[in-house]
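Quick notes on the structure that follows.
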Amino acid sequence: MDARRLVEEHYLKKGAAPPDVVIYRDYRELLERKDIDAVVVSTPDHWHAEQAAAAALAGKDIYLQKPMALTVAESRLLLDVITRTKRIVQIGSQQRSMDQFRRACELVRAGRVGQLKRIEIGLPVDPTKPDDPEQPVPPNLDYDRWLGCTPKVYYTEQRVHPQKDYSRPGWLRCENYCLGMITGWGTHHLDTAHWALGIESGGPLKVEGRAEFPPPEHTIWNVHGPYDVELVYPGGVRMLVSNKFPNGVKFIGDEGWIFVAREGQTTSSDPASPSTSLKPLDASDPKLLDPRGLTVELYRSNDHHKNWLECVRTRKTPVAPATAGHAALCACFISWVAMKLGRPLAWDAKAERFVDDNNANAMLSRPERAPYGVHRLMEARG
């Protein structure tokens with residue numbers, strides 16, 4: 001109901017008559033409508049793959065919030081569906097439509113820092129706390145459907161969305177629905193790094209990680225705490241991802257460095273994250289940022305949502321396509337696996353498997369609770 005009111009107020013403020021806003025309890029009813037050409041999937045991470053795949057199969061173009069999916073297996077299946085159905089998909093990696101991120105990637109690709117040696121990525125962390133007790137399911141929530149393919153567990157507001165406001169929801173801190181900041185903020189910043197590296201598909205060769213996780217009795221807010229991850233990419237480029245770095249991406253070469261971040265780097269989840277005096281676009285020498293003589297020009301989009309709508313009309317590829325979203329998710333997900341296992345892992349980016357490591361490969365997918373899940377959806381569709 002709040003969403004309907006928001007849409008109506010938007011149109012009324014512009015002096016226009018509000019459209020007829022229809023609310024559905026089951027997304028499949030919406031997808032059956034022939035007069036709808038495109039959809040936005042902005043649900044918790046564990047619902048991304050199933051809903052986006054169903055939309056693609058229904059002939060809808062999709063704006064899909066990041067991360068692409070919850071696991072590598074889900075993301076791969078979804079990418080295959082999108083490719084086969086030729087849908088226009090924009091991943092919500094909106095940093096690609098922010099001027100300073102595009103400029104930083106152009107400068108790095110043009111060799112302004114010399115030979116790229118190292119990338120430092122700073123991501124915040126989320127807090128934990130003991131589990132809240134069970135509560136009655138609110139009448140406005142279809143809780144079984146909200147859980148979807150994840151295990152059946154008792155309801156408490158700590159696990160889902162706040163009932164009274166739109167503050168940070170608890171599901172972002174529960175591994176059943178989200179892997180924490182490594183895929184939350186991580187898919188933004190690793191996608192930026194991939195853009196600078198020219199990676200549209202593929203990924204690292206090696207990954208090693210360490211992380212603090214909440215005690216076992218914290219089963220709800222149980223995503224990672226402080227962490228350090230190192231990924232090694234082709235050409236020997238080392239990518240270090242840690243909560244100890246300022247929130248942003250720093251490209252370090254043998255001739256200097258370039259740093260890029262959003263305007264506001266402190267997050268509501270981790271206000272104690274490292275501060276920095278660096279500007280949203282900064283460098284070891286201001287001359288590195290001089291646009292004159294720049295030989296690389298990347299896809300220019302000044303409005304992420306508008307870019308998607310334009311591509312829906314023209315059938316051109318958007319600035320943040322599904323291939324890039326999948327590559328970013330894979331790099332973040334294997335970082336999470338490395339954090340969990342605490343040992344070096346070799347990664348075959350083409351096969352999307354760890355090399356000779358059955359335990360690590362077993363973590364690339366998850367069981368799906370019936371009747372939900374993208375794999376079950378695809379089996380039903382034959």
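The values are calculated or read from the model by the stated rules, or taken from the named source; none is laboratory data. The model shown is predicted, which means the values in this text are computed figures rather than measured ones. Note: ideal-geometry Cβ built from the backbone for every residue, glycine included; neighbour counts use all protein chains shown.
Quick check on residue 153: is it in a loop (DSSP other than H, G, I, E, B) and surrounded by 22 or more Cβ atoms within 10 Å (Cβ to Cβ)? First the steps, then the outcome.
Values: in a loop (DSSP other than H, G, I, E, B): yes; surrounded by 22 or more Cβ atoms within 10 Å (Cβ to Cβ): no.
No: the conditions fail for residue 153.
Going through (1) charged (D, E, K, R); (2) crowded, with 23+ Cβ neighbours inside 10 Å; (3) assigned by TED's automatic domain parsing to the domain that holds residue 288 one by one, residue 74 falls short only on (3).
Of the residues in the stretch 277-292, at least one is touching a residue at least 24 places away in the same chain (Cβ under 8 Å), under 30 Å from residue 178 (Cβ atoms) and surrounded by fewer than 17 Cβ atoms within 10 Å (Cβ to Cβ). Take the conditions (1) in a loop (DSSP other than H, G, I, E, B); (2) at pLDDT 95 or above; residue 324 misses just one of them, which is (1). Scanning the stretch 27-57 for residues that are in a loop (DSSP other than H, G, I, E, B) and either crowded, with 18+ Cβ neighbours inside 10 Å or of a type in the set (S, T, N, Q) (or both) yields 42, 43, 44. Of the residues 294, 278, 329, the single one that is touching a helix residue (DSSP H, G or I) at 6+ places or on another chain (Cβ under 7 Å), in the same structural domain as residue 198 (by TED's automatic domain parsing) and assigned to a loop (DSSP other than H, G, I, E, B) is 294.
Among the residues of the stretch 219-254, write down those that are under 15 Å from residue 338 (Cα atoms), touching a residue at least 60 places away in the same chain (Cβ under 8 Å) and either surrounded by fewer than 20 Cβ atoms within 10 Å (Cβ to Cβ) or not assigned by TED's automatic domain parsing to the domain that holds residue 121 (or both).
At the first step, the residues of the stretch 219-254 found to be under 15 Å from residue 338 (Cα atoms) are 223-232, 239-242.
If we keep only those that are touching a residue at least 60 places away in the same chain (Cβ under 8 Å) as well, we get 223-227, 229, 231, 239-242.
Selection gives 225, 226, 240, 242.
Whenever a residue of the stretch 28-49 is under 16 Å from residue 61 (Cβ atoms), its partners that are modelled with pLDDT under 95 and among the hydroxyl-bearing types (Ser, Thr, Tyr), lying with C-beta atoms within less than 7 angstrom and at least six residues away or across chains, give the pairs 30/24.
Of the residues in the stretch 1-26, how many are in a loop (DSSP other than H, G, I, E, B) and surrounded by 12 or more Cβ atoms within 10 Å (Cβ to Cβ)? Full working, then the answer.
First, the residues of the stretch 1-26 that are in a loop (DSSP other than H, G, I, E, B): 1, 14-26.
Applying the additional criterion that residues be surrounded by 12 or more Cβ atoms within 10 Å (Cβ to Cβ) yields 18, 21.
Count: 2.
When the stretch 335-381 is filtered for residues that are touching a Gly at 6+ places or on another chain (Cβ under 8 Å), surrounded by 12 or more Cβ atoms within 10 Å (Cβ to Cβ) and part of a loop (DSSP other than H, G, I, E, B), the ones remaining, listed by number, are 349, 369, 372, 373. Of the residues making up the stretch 267-275, none is within 23 Å of residue 182 (Cα to Cα), out of contact with any Phe, Trp or Tyr (no Cβ under 9 Å at 6 or more places or on another chain), at pLDDT 95 or above and assigned by TED's automatic domain parsing to the domain that holds residue 120.
Taking into account only those residues within the stretch 255-269 that are touching an Asp or Glu at 6+ places or on another chain (Cβ under 8 Å) and over 16 Å from residue 121 (Cα atoms), which is surrounded by the fewest Cβ atoms within 10 Å (Cβ to Cβ)? Checking each candidate, the answer is 256.
Picking from 187, 192, which residue would you name as being more than 30 Å from residue 141 (Cα to Cα), touching a Lys or Arg at 6+ places or on another chain (Cβ under 9 Å), modelled with pLDDT of 95 or more and part of a helix (DSSP H, G or I)?
Working: 187 fails: more than 30 Å from residue 141 (Cα to Cα).
Criteria check complete, one pass: 192.
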